[in-house]
Amino acid sequence: QVQLVESGGELVQTGGSLRLSCVASGRTFSTYTMGWFRQAPGKEREFVATYTWSGVTDYTDSVKGRFTISRDNAKNTVYLQMNSLKAEDTAVYYCAVRPDAYYTRRYQEYTYWGQGTQVTVSS
């Protein structure tokens with residue numbers, strides 16, 4: 001088992017920035033993939049970004065150029081730096097883990113999930 005603890009979500013104005021953090025603990029696997037997903041009210045869960053153990057990153061088109069995923073393997077932590085926030089970024093953001101080093105955008109293939117952190121972008 002792994003516990004994912006997210007932090008950083010809050011109310012922010014349009015154009016502002018936030019950094020989300022997700023700390024993984026309790027895992028037994030030596031390599032893993034961490035990703036960020038989000039779900040807005042009335043919408044399906046959406047892939048945001050993924051950072052594999054080997055350093056491969058991927059982003060959904062709507063956040064490219066604005067969001068940056070980073071990872072500190074020593075701290076078992078993944079970050080999502082969100083800049084130029086828009087109202088459409090408002091969602092509950094979840095971090096997730098796969099116990100391997102392979103990339104995927106499919107939320108169904110992530111084993112562990114955080115509790116979610118609310119990001120609200122206001123006008």
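Which members of region 83-121 meet the condition of being assigned to a strand (DSSP E or B) and open to solvent by 80 Å² or more (accessible area, probe 1.4 Å)?
Across region 83-121, the qualifying residue is only Gln118.
Out of the residues in region 1-55 that are outside any strand (DSSP E or B) and acidic (Asp, Glu), state the one that is least open to solvent (accessible area, probe 1.4 Å). Spell out the reasoning first.
If we filter region 1-55 for residues that are outside any strand (DSSP E or B), which is where we start, we get 1-2, 8-10, 14-17, 26-32, 40-45, 52-55.
Pick out the ones that are also acidic (Asp, Glu) and you get 10, 44.
On the way: Glu10: 100, Glu44: 137 Å².
Out of the qualifying residues, it is Glu10.
Would you check which residues across region 107-123 are within 14 Å of the chain's Cα centre (by Cα), over 17 Å from Lys43 (Cβ atoms) and not polar (S, T, N, Q) and list them?
Within region 107-123, Tyr110, Tyr112, Trp113, Gly114 meet the criteria.
Note down all Cβ pairs under 7 Å where the first residue falls in region 73-84 and is free of Cβ contacts under 8 Å to residues at least 60 places away in the same chain, the second is polar (S, T, N, Q) and open to solvent by 10 Å² or more (accessible area, probe 1.4 Å), and they're at least six residues apart or on different chains.
Going by the 7 Å Cβ cut-off, the qualifying pairs are Asn76/Ser25; Thr77/Ser21.
For Thr60, indicate whether it is hydroxyl-bearing (Ser, Thr, Tyr), at pLDDT 95 or above and surrounded by 11 or more Cβ atoms within 10 Å (Cβ to Cβ).
yes
From the list Val78, Val5, Val56, which one is β-branched (Val, Ile, Thr) and farther than 13 Å from Gly114 by Cα?
Val56
Can you find a residue in region 11-22 that is within 15 Å of the chain's Cα centre (by Cα) and without any contact (Cβ under 8 Å) to a residue 60 or more places away in the chain?
Yes, there is a match, as at least one residue in region 11-22 is within 15 Å of the chain's Cα centre (by Cα) and without any contact (Cβ under 8 Å) to a residue 60 or more places away in the chain.
The values are calculated or read from the model by the stated rules, or taken from the named source; none is laboratory data. Quantities reported herein were computed from a predicted structural model and do not represent experimental measurements. Cβ coordinates were reconstructed from backbone atoms using ideal geometry, including for glycine residues, and neighbour counts include every protein chain displayed. Surface accessibility is based on the protein's heavy atoms, side chains included, excluding ligands, DNA and RNA. Shrake-Rupley method; radii C 1.70, N 1.55, O 1.52, S 1.80 Å.
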